[in-house]
Amino acid sequence: MSIRTYLTNSRSSIHKHFQLPSVCPLCYGRAYGGEVCSPCQHDLFASLSPEQVRCQYCQVSLLKHEINLAHDKVCQDCHEHKLALNKIYMGFDYLLPIDSLILRFKNAHQQSLCHPLAKLVYQRLLRDQTLGFPWSQPPLLIPIPSSQAALKRRGYNPATEFAKSFAKLARAPLELKALHREESQIQQKSLSRQARLLASAHSYYCAYRLDCPHVVLIDDIMTSGSTLDSAARALLAAGAKQVDALVIARARHHY
């Protein structure tokens with residue numbers, strides 16, 4: 001454990017003594033400050049096995065029959081079409097029980113889950129010594145914009161709210177006005193990955209020049225990666241030198 005991680009955990013422990021007791025949003029047991037309780041945190045972190053083989057580019061978990069040594073831990077999707085992202089930071093796999101928290105945050109108007117999710121992802125990234133996190137020079141964080149229909153339905157953009165909480169934890173700057181979304185009537189849920197990439201190829205644009213050395217896109221769930229790919233290309237075209245992505249959870253795409 002690094003000194004930085006030790007100090008962060010120590011501050012977290014001390015901070016709990018000055019927080020009011022609350023109910024864990026996962027098990028409904030005793031917690032503090034509206035966050036996930038320690039036993040549930042332990043179970044979530046333990047679910048991320050270091051032995052799990054992942055694609056070195058998109059971080060999708062690879063099944064045994066998908067591991068191709070000739071491709072050097074690269075999934076078939078990335079072998080055919082690598083996304084325009086330098087690195088992808090993921091909190092968790094989109095599986096139980098984290099998926100229930102995300103769905104409640106996104107679709108059940110439980111906006112209060114924003115901070116617990118941001119704290120979980122932040123602590124998860126601190127635990128992985130291979131990611132180069134926390135950043136020595138904090139990048140510019142830019143959340144993926146919601147469609148107007150989704151914004152009207154929910155009343156808020158989950159990616160934006162998550163990014164606000166995560167930016168405070170990571171002490172990173174946040175930009176909410178640079179990236180914009182072109183409205184589309186195409187429903188991508190039933191499309192293949194290739195069709196999603198084509199459908200979202202020009203979905204995003206930058207409102208102004210963005211001469212920035214390092215940008216990290218923020219989203220809630222990554223499935224095919226088409227949304228993040230389109231947004232990353234828009235940022236690169238606007239002048240960003242390096243674009244990474246950070247998501248709460250990484251899902252497997254079923255065709």
The lone condition HIS202 fails out of (1) open to solvent by less than 30 Å² (accessible area, probe 1.4 Å); (2) modelled with pLDDT under 95 is (1)
Restricting the first residue to the stretch 37-55 and requiring it to be under 24 Å from SER22 (Cα atoms), which pairs with a second residue that is of a type in the set (A, V, I, L, M, F, W, C) and in a loop (DSSP other than H, G, I, E, B) meet a Cβ separation below 7 Å and a spacing of at least six or different chains?
CYS37/CYS24; CYS37/CYS27; CYS40/CYS24; CYS40/LEU26; CYS40/CYS27
If you scan the stretch 220-255, which residues turn out to be open to solvent by less than 30 Å² (accessible area, probe 1.4 Å), within 20 Å of LEU140 (Cβ to Cβ), without any contact (Cβ under 8 Å) to a residue 60 or more places away in the chain and assigned to a helix (DSSP H, G or I)?
SER230, ALA234
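So, of the residues in the stretch 9-53 that are of a type in the set (D, E, K, R) and open to solvent by 40 Å² or more (accessible area, probe 1.4 Å), which turns out to be modelled with the lowest pLDDT?
Checked the stretch 9-53; the qualifying residue modelled with the lowest pLDDT is LYS16.
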Among (1) closer than 23 Å to SER146 by Cα; (2) surrounded by 15 or more Cβ atoms within 10 Å (Cβ to Cβ); (3) not acidic (Asp, Glu), where does VAL60 come up short?
(1)
From the list PRO97, PRO138, which one is within 24 Å of CYS206 (Cα to Cα) and touching a helix residue (DSSP H, G or I) at 6+ places or on another chain (Cβ under 8 Å)?
PRO138
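The values are calculated or read from the model by the stated rules, or taken from the named source; none is laboratory data. On a predicted model such as this, the values are computed, not experimentally measured, just so you know. Quick reminder, even Gly has a Cβ in these numbers, built from the backbone with ideal geometry, and neighbours come from all protein chains shown. Note: accessible area is taken over every heavy atom of the protein model, side chains too, but ligands, DNA and RNA are not part of it. Shrake-Rupley method; radii C 1.70, N 1.55, O 1.52, S 1.80 Å.
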